[in-house]
Amino acid sequence: MTSPLLQRPGAVPADAPDEGVAGHYGDPYREQRELAAGRGAVDLSHRPVVRVTGPDRLSWLHSLLSQHVAGLQPGQSTEALVLSPNGHVEHHLQLVETGEEVLAHVEPGTAQALVDFLDRMRFMLRVEVALAEDLAVVWEPAGSPPEQWPCTDTGFGRHLLVPRAQLAAWEVTAGVQAYEALRVAARRPRLGRDTDHRTLPHEAGWLTAAVHLDKGCYRGQETVARVHNLGRPPRRLALLHLDDADLPAAGSPVVLGEREVGRVGSAVRHHELGPIGLALLKRNVADSAELLAGGVAARIDPSPVEDVPESPARAAAAARAGLLRF
C-alpha cells in the first residue's frame, strides 16, 4: 500500500525494495543527522504486519520460532526467525505480545508466505493468523514509546505499530534512506537484502538477537546447535567502507584478487562515514584484504559485526589451553 505521507511537500518516493514510502523529504543528510541525534520518525508503513490471536498463540509460536517466546509478557518484544529444515533463514520477525495478540512486522514481500506457512502449522490449536492491514510501522530512534501503541524495541530504535488510518497525521521527519544509512552503520542485516537462501543465523549476527540456544525443539535447531558447538559458519557479515561515490548494486560480487569471496548487500551514503555497505564474505577473508565490491575499491571495518556466544567446544578448548599455559 502506498503511504499517504508521500503526498507531503518534498517527498521523493523510495526505490525498491522500499516502494510505497518516501526515500527522503528533500535533504537526506540532514534527516540522518536528526535521527542520529535521537529526533524524528521514519515512515516504514511498507513493512507488513502479521497478527496472531488465540489462547495458544505463544506456546504455538514457541514451537515454530528460533526464539523463546512462550513466556512473553504484555508489552515485551523480541526478534525471531523461521528456519528451513537445514537451518537457513526463511523469515525474520520483530514481534510484540500485547496481552491479546502477537503482532510481528516483517520484510516487504514476505508476509503472505509467512502467513501461509503459519496457517499450515496450526493443526488443532486455538490460534488464528492474518495480515494486520489496519496497522502501519513507524520507526523512532529513541525515547519512551507512547503507551497506546504496541512497540518492538530490539536494540535499534523502536518500531511503533500505529493505526494506518492515523498515519497521514503522523509527525514523520525523515525518509527511509536516512533509516537505512543508520541501519547499515549499526550493522543490522536485512533479510533478502543482506542475506540469501543459504544464510545461517550465525552468519548474519542473529544468533544472540533472534535465537535462544537453550530452548526446545524447532525446525532447523540441529543445524544451529551443530554450527554453534563444532565451529564457526563459513561466512560472516562485514561492514565495508567504499572508496567511490557510485554505490555497488545489491548482489554485486566482492572480489579479492581474481577470486570471488562474497556478495554486496545494502550500500548507502552515511552522513559521517561516507559510502558504506554490508557484505556476506567468506570467513577466511582477512580484515586487511583489499577488495573490489561491484568494481568499487572496499576495505573491511575491523569492528566485529557478530556477537556469537561461546560454544561449549570452544570454551573447553580455551580452558585446556589455559591449563597448558600454567
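The values are calculated or read from the model by the stated rules, or taken from the named source; none is laboratory data. Owing to the predicted nature of the structure, the values given are computational and were not obtained by experimental measurement. Ideal geometry is used to build each Cβ from the backbone, glycine not excepted, and the neighbour counts take in all protein chains shown.
Data for the structure
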| item | result |
| --- | --- |
| Count of segment 257-291 residues which are surrounded by 17 or more Cβ atoms within 10 Å (Cβ to Cβ) and either modelled with pLDDT under 95 or farther than 27 Å from E31 by Cα (or both) | 7 |
| Residue count for segment 33-50, restricted to those that are assigned to a helix (DSSP H, G or I) and over 19 Å from the mean Cα position of the chain (by Cα) | 2 |
| Matching residues in segment 49-67 - criterion: being surrounded by 23 or more Cβ atoms within 10 Å (Cβ to Cβ) and hydroxyl-bearing (S, T, Y) | S66 |
| Among the residues listed as W149, W206, the single one being aromatic (F, W, Y) and farther than 27 Å from A249 by Cα | W149 |
| Residue check for V184: under 20 Å from the mean Cα position of the chain (by Cα) and in a strand (DSSP E or B) | no |
| Elements of type strands (runs of 3 or more DSSP E) contained in segment 75-146, each with 3 or more residues being in contact with a Phe, Trp or Tyr (Cβ under 9 Å, 6 or more places away or on another chain) | 77-83, 89-97, 135-140 |
| The lone exception for Q7 - which of (1) over 24 Å from the mean Cα position of the chain (by Cα); (2) under 26 Å from A80 (Cα atoms) it fails | (2) |
| Members of segment 195-222 found to be surrounded by fewer than 18 Cβ atoms within 10 Å (Cβ to Cβ) and in contact with a helix residue (DSSP H, G or I) (Cβ under 7 Å, 6 or more places away or on another chain), listed by number | L213 |
| Members of segment 255-300 that are of a type in the set (K, R) and within 18 Å of A204 (Cα to Cα) | R263, K282, R283 |
| Selection within segment 69-81 - in contact with an Asp or Glu (Cβ under 8 Å, 6 or more places away or on another chain) and closer than 15 Å to A209 by Cβ | V69, Q76, S77, L81 |
| Every pair of residues 6+ apart whose Cβ atoms lie under 7 Å, when the first sits in segment 4-16 and is touching a residue at least 60 places away in the same chain (Cβ under 8 Å) and in a helix (DSSP H, G or I) while the second is surrounded by fewer than 10 Cβ atoms within 10 Å (Cβ to Cβ) and not aliphatic (A, V, I, L, M) | none |
| Pairs where the first residue, in segment 165-183, is closer than 17 Å to L278 by Cβ and the second is of a type in the set (S, T, N, Q), C-beta under 9 Å, 6+ apart | Q177/Q32; A178/Q32; Y179/Q32; E180/S266; A181/Q32; L182/Q32; R183/S266 |
| Filter result (surrounded by 16 or more Cβ atoms within 10 Å (Cβ to Cβ) and more than 20 Å from L135 (Cα to Cα)) within segment 146-173 | F156 |
| Residues satisfying the stated conditions in segment 17-27, i.e. in a loop (DSSP other than H, G, I, E, B) and either touching a residue at least 12 places away in the same chain (Cβ under 8 Å) or not assigned by TED's automatic domain parsing to the domain that holds E107 (or both) | P17, D18, E19, G20, V21, Y25, G26 |
| Looking only at segment 153-198, and only at residues there that are acidic (D, E) and modelled with pLDDT under 95, the one that is nearest to Q32 (Cα to Cα) | E171 |
| Residue that is small (G, A, S) and in contact (Cβ under 8 Å) with a residue 60 or more places away in the chain, where the choices are G257, G220 | G220 |
